[in-house]
1. I'd like to know if the range 266-273 contains one or more residues that are hydroxyl-bearing (Ser, Thr, Tyr) and out of contact with any helix residue (DSSP H, G or I) (no Cβ under 6 Å at 6 or more places or on another chain).
2. Just to be sure I understand the filter: pairs with C-beta atoms under 6 Å, separated by 6 or more residues or on different chains, first member in the range 132-157 and in contact (Cβ under 8 Å) with a residue 40 or more places away in the chain, second member among the hydroxyl-bearing types (Ser, Thr, Tyr) and assigned to a loop (DSSP other than H, G, I, E, B). Which pairs pass?
3. Count, please, the residues in the range 227-258 that happen to be under 18 Å from residue 169 (Cα atoms) and at pLDDT below 95.
4. Would it be correct to say that residue 46 is under 13 Å from the mean Cα position of the chain (by Cα), farther than 12 Å from residue 98 by Cβ and small (Gly, Ala, Ser)?
5. Can you name the condition, by its number, that residue 241 falls short on among (1) outside any helix (DSSP H, G or I); (2) surrounded by 17 or more Cβ atoms within 10 Å (Cβ to Cβ)?
6. Considering only strands (runs of 3 or more DSSP E) fully contained in the range 156-238, which possess at least 1 residues that are touching a Phe, Trp or Tyr at 6+ places or on another chain (Cβ under 7 Å) and among the hydroxyl-bearing types (Ser, Thr, Tyr)?
7. Among the residues of the range 224-234, what is the count of those that are over 18 Å from the mean Cα position of the chain (by Cα) and in contact (Cβ under 8 Å) with a residue 12 or more places away in the chain?
Amino acid sequence: MTDVVHNLKTIRAAMAIAALAIAAACGSDSPTGPSPVTPPKDTVISFPGFDLSLYPGDAAMRAWTYPASPYYWTGYYFPAPCHRDTSWSGKYTSLRAMGWGVTAIYVGQQDWSQIPSAAAARAVEMSQGAATCSASLLSTAQGTDEAADAVAKMRADGFPDRAIVFLDVEYVTTVTPALLDYYRAWVSGVLREGHYRPGVYAAKSNAQILYAAAVDSYRAAGSSETPAFWIAASAGFSPGAAPTAVGLDFAKLWQGMFEQSQTFNGVTLRVDVNVASSKSPSTP
């Protein structure tokens, strides 16, 4: 697969092997996933979900629908600068009809110069072409344009007003001014449009500075809301943990296991495992 998200997942896995302190990690593969458990309503503190870069097909999604699997929600990737695949497009309504919660993901520009496994990252960037997915495009103007693109795709796929779209910001060793310029413009652009809310996927080690910048953008837009953050970190993760157990009180989602082979209802998928504070994180 040449898709950037697939390559980013590979980079995350390599980073995890090198050090648990960074934000993405691989757990051990297992031929089957955890047995589905339905806790009493008053004890539910989190809702497991999964994501994978390519849509696995309607039959697979039906086979994995809760409680056949322990997962309440799925990541939903839009075509974006660093994720050109269109396989999830147009699936929102049918997924919701199946009973799936949804987390909308927009993979914008990345600062490849600050991503570990730099050689692999540069190869990804070159394979996609500098015109669409490149650190050279980290700018305020690009962030504004791509916020409008994310909003248009949310609307086209039927997401309701006030739904959250998460900007994927991959782990970087340093959050550079160029990355912040792009990031602030993207968050502000979604807020300015007025129909949807911006959320952020980020590594735990980058999250504080990104959260502060997102709060500033929310306040500048006149909103007292807290931006939704999806934190990537492997240490201490379990599918039953609350997102805030990652160690950040603003975490609404927590991704802690990567590239897990799991089988439910005879269907095997290789997924990243998450928990969230709601059954459908993008749903208002």
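1. Within the range 266-273, one or more residues are hydroxyl-bearing (Ser, Thr, Tyr) and out of contact with any helix residue (DSSP H, G or I) (no Cβ under 6 Å at 6 or more places or on another chain).
2. 151/196; 154/196
3. 0
4. no
5. Failed condition: (2).
6. Working: elements: 164-168, 197-203, 229-232.
So the answer is 197-203.
7. Result for the range 224-234: 1.
Table: residues versus (1) farther than 24 Å from residue 180 by Cβ; (2) touching a residue at least 40 places away in the same chain (Cβ under 8 Å).
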position: 205; (1), (2): no, yes
position: 210; (1), (2): no, yes
position: 215; (1), (2): no, no
position: 219; (1), (2): no, no
position: 222; (1), (2): no, no
position: 249; (1), (2): no, no
position: 264; (1), (2): yes, yes
position: 271; (1), (2): yes, yes
position: 277; (1), (2): yes, yes
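The values are calculated or read from the model by the stated rules, or taken from the named source; none is laboratory data. Since the model is a prediction, treat every value here as computed from it, not as a measurement. Using ideal geometry, Cβ is built from the backbone for each residue, glycine included, and neighbour counts are taken over all protein chains shown.
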